[in-house]
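Down below is the structure, laid out as C-alpha cells.
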Amino acid sequence: MISITLYTRTSCHLCEETADWLRELAQQYPIEVQEFDIEKDPAKHKQFMEQIPVVVIGSYTLRAPIQKERLEVAIRSALHGKDQQARANAASSPAVGLNRINVWFSDHWLALMTSFFAMYLGGAFMPPFLMHWGYTNLANLIYTIYSFFCHQLAFRSFFLFGEQAVYPREAAHVSELSTFGQITGLSELDLLGARAFVGNPIMGYKVALCERDVAIYTGLILFAVLFVVFKKYIKPLPVPAWLLFSLLPIALDGGSQLVSQIPLAAISDWLPLRESTPFVRTFTGFLFGWGTAWLGFPIIDESMRE
C-alpha cells in the first residue's frame, strides 16, 4: 500500500479533478489518498499556494498542471521502488553489504580520490629523500615503478638536496640556471640517459615524476581541498572554458615541443627546435590539473548524490 498526500483547497477545480483521478486509480493500484487543505496550515499555504494541486507519492512530487497519465506513472514507479526495497531487505547479507559499500563510497569518493592523488604525488617525492639518506635500492625500486607512468627525463624534473631545483636543457634558454648537459657532461639528446639519470650528491636527486606531472596532480589536489570547503557554491567549469584555459595551453606547449624535435627537415624549416622552460611546463600542467578537477569534480559529486 502506497500512501499519497493531495494538497488542495476549497473552490479549486483542478484539485477536484485530481482527486477524482486518484479515486479512479485507487481501484487499480493499492494506494491510500489523504487530502490536506493548505488553508488550514499557514506554512503549507505559503509553500503551495501557487502550485496546487500538489500530489506527493513516496519520493515523487507532482505540481500543477497535473495529468492523469503522470499520476499513474508516479504511482507505478513508487510501487516498483517499494517492491525493490522489499526485495533488498530480503536479500542475502552479501548484497546488503555491497549496497552499504556503494553508499559509503558515494559519500566519501572525494576524500578517497584526493587521498589517492596525494599519496601518488607524495610517493614521487620519496626517492630523493631515500637517496639522500642512503637507501638507494628502495629509491631505485620506486623510480622503476613510477617510470611506467612518467618519462622521468632528468632535464624536465625537479631535484631535491642539490644546487638547483631544476636542470633544464640548453635549448630552453634559461640563462640563470646551469643546464643538464653542463652539469653532467651527458648529451642532452640522449633521452635514455636522461631517463636513467637519478642525480648525485652535488646535483641532488630527481623527483620520480616530471615537472608537468607534479603540477597536474598539485592542481587536482588543491582544487579538491577548495571543493570540500566551497562545494555548494562551485559549479562545473564549462567545457569551452576548459578547452581554452586548461587543455589548449598544455597542448600547445607540449605539442609544439614534441613536433619541433622530430628530426625532419620539413618540420625544422617552419618550426625551430623548441624546449619548454620549467616554469611554462609547471604552469600549463597546473592549469590542466586545476581545470580538469573543476570540470569533473562537481559533475562526479552530483552523480554520486543522485
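The values are calculated or read from the model by the stated rules, or taken from the named source; none is laboratory data. No experiment lies behind these values; they were computed from the predicted model shown. Because the Cβ atoms are built from the backbone with ideal geometry, glycine has one as well, and the counts that use them run over all protein chains shown.
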Query raised in the report: Restricting attention to the range 206-221, does a residue exist that is farther than 24 Å from residue 286 by Cβ, among the hydrophobic types (A, V, I, L, M, F, W, C) and assigned by TED's automatic domain parsing to the domain that holds residue 132?
Result: no
Requested in this report: Mind telling me which of the residues 154, 165, 171, 194 ends up being more than 30 Å from residue 109 (Cα to Cα), out of contact with any Phe, Trp or Tyr (no Cβ under 8 Å at 6 or more places or on another chain) and outside the structural domain of residue 285 (by TED's automatic domain parsing)?
Outcome: 171
Report summary line: Residue hits (the range 62-77; part of a helix (DSSP H, G or I) and not hydrophobic (A, V, I, L, M, F, W, C)) are 68, 69, 70, 72, 76, 77
Query raised in the report: Failed condition for residue 50, given (1) under 40 Å from the mean Cα position of the chain (by Cα); (2) at pLDDT 90 or above; (3) not in a strand (DSSP E or B), with all others met?
Result: (2)
**Report entry** Tally of residues being surrounded by 14 or more Cβ atoms within 10 Å (Cβ to Cβ), more than 11 Å from residue 278 (Cβ to Cβ) and out of contact with any helix residue (DSSP H, G or I) (no Cβ under 6 Å at 6 or more places or on another chain) across the range 156-169
**Finding:** 1
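Considering only residues that are part of a strand (DSSP E or B), surrounded by fewer than 22 Cβ atoms within 10 Å (Cβ to Cβ) and touching a residue at least 40 places away in the same chain (Cβ under 8 Å), which ones fall in the range 171-216? Talk me through it step by step, then tell me what you get.
Pass one, the range 171-216, residues part of a strand (DSSP E or B): 199-200, 204-210.
Of the ones still in play, those that are also surrounded by fewer than 22 Cβ atoms within 10 Å (Cβ to Cβ) are 200, 204.
If the condition is that a residue be part of a strand (DSSP E or B), surrounded by fewer than 22 Cβ atoms within 10 Å (Cβ to Cβ) and touching a residue at least 40 places away in the same chain (Cβ under 8 Å), then 204 is the only one that fits.
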